[in-house]
Amino acid sequence: MVDSQDAPPINNLFSEAKAFIACMEADSIANRMLDAEGGSEVRLNAIAQEIERSGTYTHTPKELQFGARLAWRNSNRCIGRHLWRSLEVRDFRDAHAATNPTDAVNGALQSHLNDAFNAGRIKSIISVFAPRRPDGSDALRMANHQLTRYAGFRMADDTVLGDPHSVELTDQCIEYGWSPAHRTQFTPLPWQFIIEGERTPIMDVFEEQPDLFQEVHLTHPDIPEFRSLNLKWYAVPLLSDMAMKIGGIVYPFAPFNGFYMGTEIGARNLSDKDRYNALPAVAKVMGMDTSSNRSLWLDRALVELNRAVLYSFDLAGITIGDHHTLGEQFEAFCQAESRKNREVKGDWSWLVPPMSGSLTPQFHRSYDNEVVRHTNFFYQEPNAPKKNKASGCPFHL
Ligand code: ARG
């Protein structure tokens, strides 16, 4: 059996383009955009000719807009997808060709971060940069996992100061000349671009503009001592290392953001043992006996930490979702889609939140985890892509 992924690349590109255009046609709003440009048949002919001539094809602005939104809708692991139509799509496909590409990209990303924060009313935005070329090369990538993230400094005694998730990137930044003014539990990482496969000098944007790095100090509605833990997190999750694919065209650098669901911070980033591991300290300020598992002290600390996250974001006037509300909204979205005969695909192990799973609708049902390959977000190898390296994982390119 020959799978479509094994087909010659150009045929595969055209068949993925066709699958994407078919999705546009099937969507009443997007179909109007297609019609305005002559309809799907005309468009597919033009695409076929362009592929024949150049090995690739160029999305129209409307295709880019609908495609990025569809890529979000197709992301099996995301519980916020009911908002897919609200995504603001910014077209920076030419930014790398500016006289000074670093400045152009830097400016685009700073505006993205600032506009996404939007004084606390977080707006979902994606900035789309140059597509991968037919020879597999990328004009522009970034070394960072997210635009805002805390460094993880490896200490002499093998412990980590900061976020252990960032240790490798932090080492790399230091190797490329970063000398942080302070090393703390929460030091913002600088940025580094990779232009035509070459790393650019480190840019410590947040040292220069601290206001761009919006964060929330955690306090608790009825445990005053909670404040003394000095915990905080940043406001905008803005992923910068995933590839977006639309109708077979890969955009290796297309940073995007949504808003946080509280559990991402409270039940993972701050509480995972191999991240900030804050639960023992939370239990301590709550005065709990931590000597036995049977008291469920870990679970109780987890709940109070998550209350503090939601409470503090609310107090700061910064958008955040809770797993009950987002869980209900996602289920309502699935039901509405299903009534239109569009079964929402999903990854159960990601859609069920990392605490109180059985309190959400997601826990009590199953999802088809088939990954739509033609238009989606994917993990990718850092830096330049290696040829012929298939991992077999459907969430990887
Ligand atoms: N889980 C990641 C983090 O904690 C962010 C992933 C994207 N999340 C989102 N709400 N859009 O930083």
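The values are calculated or read from the model by the stated rules, or taken from the named source; none is laboratory data. Just so we're clear, the structure is a prediction, and the values are computed from it rather than from any experiment. Quick reminder, even Gly has a Cβ in these numbers, built from the backbone with ideal geometry, and neighbours come from all protein chains shown. Just the protein is used for accessible areas: all its heavy atoms, side chains included, with ligands, DNA and RNA removed. Shrake-Rupley method; radii C 1.70, N 1.55, O 1.52, S 1.80 Å.
Share of carbon and sulfur in the accessible area of the stretch 254-397 stands at 52%, probe radius 1.4 Å.
Of all DSSP-defined beta bridges confined to the chain, some 75% are antiparallel rather than parallel. Rounded to the nearest 10 square angstrom, Arg154 shows an accessible area of 140 square angstrom against a 1.4 Å probe.
Can you give the FRET efficiency to the nearest 0.05 for Ile195 and Ala316, using r as the Cβ-Cβ distance and R₀ = 35 Å? Here the calculated transfer efficiency is 0.45. DSSP finds beta bridges in the stretch 214-325, and of those with both partners inside it, around 80 percent are antiparallel.
Rounded to the nearest 500, what is the chain's calculated 222 nm mean residue ellipticity when only DSSP H runs of at least 4 contribute -39500 (n - 2.57) each, over all residues?
Numbers: 11 runs with 134 residues, N = 397.
That comes out to -10500 deg cm²/dmol.
Is the shape of the stretch 227-334 best called rounded, prolate or oblate, per the rule: a/c under 1.5 gives rounded, else a/b larger than b/c gives prolate, else oblate, with a ≥ b ≥ c the square roots of the Cα gyration tensor eigenvalues? It is prolate, given that a/c is not under 1.5 and a/b is the larger ratio. Using all pairs of distinct alpha-carbon atoms, the Kirkwood hydrodynamic radius of the stretch 24-182 works out to 19.0 angstrom.
Think of the stretch 101-197 as having a plus end and a minus end, set by charges on the Cβ of Lys, Arg, Asp and Glu; of Leu147, Val128, His165, Val128 sits farthest toward the positive end of this dipole.
Separation of the stretch 266-281 from the stretch 287-310 is 11 Å, based on Cα centroids. Extension gain, Glu175 to Ala156, is 5.2 nm, computed as 0.36 nm per intervening residue step minus the present C-alpha separation.
Note on the stretch 122-168: Kirkwood radius taken over Cα pairs, Stokes-Einstein applied at 25 °C and 0.890 mPa s, translational D equal to 178 µm² s⁻¹.
Summing +1 for each Lys or Arg and -1 for each Asp or Glu among the other residues whose beta-carbon sits under 15 angstrom from that of Arg32 gives -1.
Overall form of the stretch 1-90: oblate. Here a/c, set by the Cα gyration tensor axes a ≥ b ≥ c, is 1.5 or more, and a/b is not larger than b/c. With respect to the chain, whose longest principal axis is taken over its alpha-carbon atoms, helix 9-26 is tilted by about 80°. Place a point 7 Å from the Cα of Glu37 along the Cα-to-Cβ direction; which residues of the stretch 72-112 have their backbone N under 17 Å from it? It comes to 89-94, nothing else. In degrees between 0 and 90, to the nearest 10, how far off the longest principal axis of the chain does helix 39-54 point, with axes built from Cα atoms? Around 90 degrees separate the two axes.
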